[in-house]
Each structure stands twice: as C-alpha cells, then as structure tokens.
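For reference, the structure is listed below as structure tokens.
The values are calculated or read from the model by the stated rules, or taken from the named source; none is laboratory data. Small disclaimer: the values here were computed from a predicted structure and weren't measured. Cβ placement follows ideal geometry from the backbone for every residue including glycine, while neighbour counts extend to all protein chains displayed. The area values use the complete protein model at the heavy-atom level, side chains included, leaving out ligands, DNA and RNA. Shrake-Rupley method; radii C 1.70, N 1.55, O 1.52, S 1.80 Å.
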Amino acid sequence: MLQQYTKEFSYNLKLAAPVMAGMLGHTFVGLVDNIMVGQLGTAELAAVSLGNSFMFIAMSLGIGFSTAITPLVAEADGEGNFAKGKSALKHGLFLCTVLGIALFLAVLVAKPLMYLMKQPKEVVELAIPYLDLVAFSLIPMIMFQAFKQFSDGLSITKYPMYATLVSNIVNIVLNYLLIFGKFGFPEMGIIGAAIGTLVSRVVMIAFLWGILSYQAKAKEYVKNIKIFVLEKSMLSNLIKLGFPSALQMFFEVAIFTAAIWLSGILGKNPQAANQIALNLSSMTFMVAMGVSVAAMVRVGNQKGLQQFKELRRIAFSLFLLAFLLAGAFAVLFMLGNTLFPKMYVDLDDAKNLIDNTEVITIAAELLLVAALFQLSDGVQVVVLGALRGLQDVTIPTIITFVAYWIIGFPISYYLGLYTDFKSSGIWMGLLAGLTTSAILLFLRFNYLTKKLIATKEQE
C-alpha cells in the first residue's frame, strides 16, 4: 500500500531538488546578509529585518502571481501544445515586468509607514536608505520569476537553480567587499548589502535567459518573444490564476511580516531574534516550496492527460514526502535551537554582549515553536501547489485568508502583546494559522480529486 507512494519519491526528488536548491539560494542571499550585517550590531540586523519586511510583502505578490505560469506551461507540455506554452511565457513575462515596476513604486511610497509603526527610531533611520536600493531589485527579481516558472513548467528545474547559485556567489563577494570595505572598497555597512542584493538579481535573470536560449527544449520559447503583441484571452487566463495565487502567498507572508512588526513593538532585540528564527524557518520552507513546485508540475501534467486517479496517487506521494522532510527539520530545530542563533551575532563583542545574549535566548525559544509548525507548514504549501496544478485557486485563497488572518493573527497579537509569552506568543499564532491552513487545504484537494475521478468514471 505504502509502496505505491514511496516509489514516486525518486522522481519527485529529481524534479524538486533543483527547485529546492534554487529557492534555498534566494533565502541564502538573506542568510548571508543577516550573518554579515549581524556582525555590525543588533540595530543593523533589526533594520535589515524591518526593510525586508516590506520586501517580503512585495515579493510574495510578485512570486505568487508568477506561479500562474507553471501549471499553464505544464498542461501545454502534457498536451504537446508549443504555441500555448510560448503564449503563457510571453504574457506571463509581460505581466511580471509590469508588476515588478508597480511593486517597486509601491514600496517607495510605503516607506513613511515605518515612522507610524512604533518601531525603534534608530532602526527606522538605518532601514530607509537600505530599502531604497533593495526595492529596485524587485524588477529583475520578478522578471526572473517569469522565466523560472516557465522553466519549471517544462520540468527543466535545474537551470533556475544554476542561475540562483551564480547570483549567490556574486552577492557573497559584493557583501564582503562593500559591507566591511575590503580590498580598497568603501565600507558601506547595510547599504553595501543592498547593493550586493541588487547586482546579484540582475546577474540572475541575465544568466537564466542566456542558458535557456541555448537549451534544446527551451530555446524556441525564449527567443523572439514579441512581448507587446498580446492576446486578451491569455492575459485574462493568467490574471484569473495569478491574482488569487498572489493573494495566497501574500496572506501567508504578510502574517510572518506582521510578526516582524509586532516583534519591533517589543524592542530591537526581540525583532532581531525574530529575524533569526524567520530566516532559519525560511530555509526549511524553501525545501517544501521545491516539493510544492513538483506537485504543481506533476498534477498539471496529469490534468493535461486527464489521468485523475494517477494524479491523486502522485499528489499523495508528494504530500508524504513533504511530511517526512518536515519531520526531519522539526527534529533539527529542536536539537539546534540554542546553537543556530549563535551564527548570527558576535559573542566576542563585549560592547554588545548583553544585547546579543538576549537575542540568542529569544531566538532559541522561537525555534522550538518553529519546530512544531514545520509539519503543518510543509504540508500546506505542497497541497497548495497541487491545487494550483489543478488550476483551483479561488477557494484556496479564501482558506488561506481565514487561516492566517481570522485565526492566526489575532492569536499572535494577543499572546505577543498582552501576555508573558511575548515573542513566543507571536509565533504560537503562526503555528495556529499554518495548522488550520494545512487541514482545510488537504480537505479541499481530497474533495476535488474524488469528484474528478467520479466524473471521469461516469463518462
């Protein structure tokens, strides 16, 4: 019985592993920024956290919208329909470019909100110039997502991974040179981190387009894209899928962003500790995202083939894989909850020793809560990917809103600000929201696939 699912693990991992590596690469940019900036002090680390909280919201909308490209390309690939696949890429690239520019401008307009959010003044003053540069990187980042989601849809998942790895190397080198002023470069602090992020994202999209243009299966898709020759039907289809997908990711990312802001109300040390726990949790979430993309691709392929029993079996194999991986991460967080935070601060800095020690203590507590929600977070994002593969997006959007904002956020707000749980209470709300989302999304997928199988059998 179990073997019918486990026999798919090899192919699932083959498809998902490059996506995992690529997604981890995005998060690794943040990890490098946080570790290097953390050496400057807790205020600088909190400033990067605050600036990136605006970026997380904007990126969630852009990345979430771009996921609409993958199931359309996967379905077209399953059908052997080249024209439909190229149309999905062209229209998706156009919409992602427009969205990237709009989100960049929106972040700039939203900057003054920092002064109204009861954040520490020294943190806000450091965060604003950092955000100016990082916000501009949204444009190449979201354009890259269009090519990445297209490549994933064709089951060519390794090339976005390569692009991300190259981007990370560029980011690490520039961070080292510009944050600390090495080898004659100016010492720019967190502004240097922002420049490294911007340049690395420009390199990332240029590299991916270049490699796809020489890849046999992809080159005819990515060359001679007449981006301004558009069809209303494909634009409408992408918006119909992309807008709810963007909202789904926004609702989840926004509650984690709210955790950053709530932590800021508690002080700079709780905010810095929250950033450490969030960064580590993001690393494990990106592994689950890799499995989610595999679910989106494989379910999309089976939908194109109209093989609904096989679709359900393959999806359940992916859910099981996600559950096992999440369990391993839960154990890792429990065992390393006091060790991992020490990577982010300088314990030899006598001047900031009290602050740094408090940050480690709070972060260790948060990682214990994060260990608990690994299972629900991993499962919910993979089920969500399978639902996107079915092109079912409206009801899942409602589910994610209810789970995170009707259930999760009120718990975070109350426990964090009005009880002695403080930072841990904020994360207990995240746990409640993620668990609710996982249960409701699974019930939705179970219902839909049973209905598709029954309808097929009646034909």
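For this structure, a couple of remarks:
- Screening Ala363 against (1) assigned to a helix (DSSP H, G or I); (2) among the aliphatic types (A, V, I, L, M); (3) surrounded by fewer than 18 Cβ atoms within 10 Å (Cβ to Cβ) leaves a single unmet condition, (3).
- Annotation: Thr70 fulfils all but one of (1) more than 24 Å from the chain's Cα centre (by Cα); (2) farther than 20 Å from Leu174 by Cα; the unmet one is (1).
- Only one entry of Leu72, Leu116, Leu103, Leu93 meets the criterion of being open to solvent by less than 30 Å² (accessible area, probe 1.4 Å) and over 13 Å from Ile142 (Cβ atoms), and that entry is Leu72.
- Residue check for Lys217: out of contact with any strand residue (DSSP E or B) (no Cβ under 9 Å at 6 or more places or on another chain), outside any helix (DSSP H, G or I), open to solvent by 60 Å² or more (accessible area, probe 1.4 Å) and within 30 Å of Leu384 (Cα to Cα): yes
- Contact map, segment 98-118: first residue assigned to a helix (DSSP H, G or I), second residue of a type in the set (Val, Ile, Thr) and open to solvent by 50 Å² or more (accessible area, probe 1.4 Å), Cβ cut-off under 7 Å, separation 6 or more or different chains; the map is empty.
- In segment 407-423, the residues that are part of a helix (DSSP H, G or I) and either within 13 Å of Ile260 (Cβ to Cβ) or in contact (Cβ under 8 Å) with a residue 60 or more places away in the chain (or both): Gly408, Phe409, Ser412, Tyr413, Gly416, Leu417, Ser423
- Failed item, numbered, when Leu178 is tested on (1) crowded, with 21+ Cβ neighbours inside 10 Å; (2) over 28 Å from Tyr11 (Cβ atoms); (3) in contact (Cβ under 8 Å) with a residue 40 or more places away in the chain: (3)
- Lone qualifier among Val369, Val383, Val402, Val359 - being at pLDDT 95 or above and over 28 Å from Ala74 (Cα atoms): Val402
- When Phe54, Phe65, Phe94 are checked against the criterion of being at pLDDT 85 or above and under 19 Å from the mean Cα position of the chain (by Cα), Phe65 stands alone in meeting it.
- Comparison of Gly304, Gly267, Gly300 shows that the only residue that is open to solvent by less than 10 Å² (accessible area, probe 1.4 Å) and modelled with pLDDT under 90 is Gly300.
- Residue within segment 308-326 that is open to solvent by 10 Å² or more (accessible area, probe 1.4 Å), of a type in the set (Val, Ile, Thr) and touching a residue at least 12 places away in the same chain (Cβ under 8 Å) present: no
- Only one of the listed residues (Phe228, Phe207, Phe243, Phe185) is closer than 29 Å to Val359 by Cβ and either outside any helix (DSSP H, G or I) or in contact (Cβ under 8 Å) with a residue 40 or more places away in the chain (or both). That residue is Phe185.
- Hey, Phe442 in contact (Cβ under 8 Å) with a residue 12 or more places away in the chain, within 25 Å of Glu75 (Cα to Cα), open to solvent by 30 Å² or more (accessible area, probe 1.4 Å) and among the hydrophobic types (A, V, I, L, M, F, W, C) or not: yes
- Enumeration of residues in segment 290-306 that are among the β-branched types (Val, Ile, Thr) and under 17 Å from the mean Cα position of the chain (by Cα): Val291, Val293
- Taking segment 402-459 as the range and being among the aliphatic types (A, V, I, L, M), within 27 Å of the chain's Cα centre (by Cα) and under 30 Å from Gln302 (Cβ atoms) as the test, the residues that pass are Val402, Ala403, Leu434, Ala438, Ile439, Leu440, Leu441, Leu443, Leu448.
- As a summary of the residue check, Val287 satisfies the conditions (1) modelled with pLDDT under 85; (2) within 18 Å of the chain's Cα centre (by Cα); (3) surrounded by 23 or more Cβ atoms within 10 Å (Cβ to Cβ) except for the one numbered (1).
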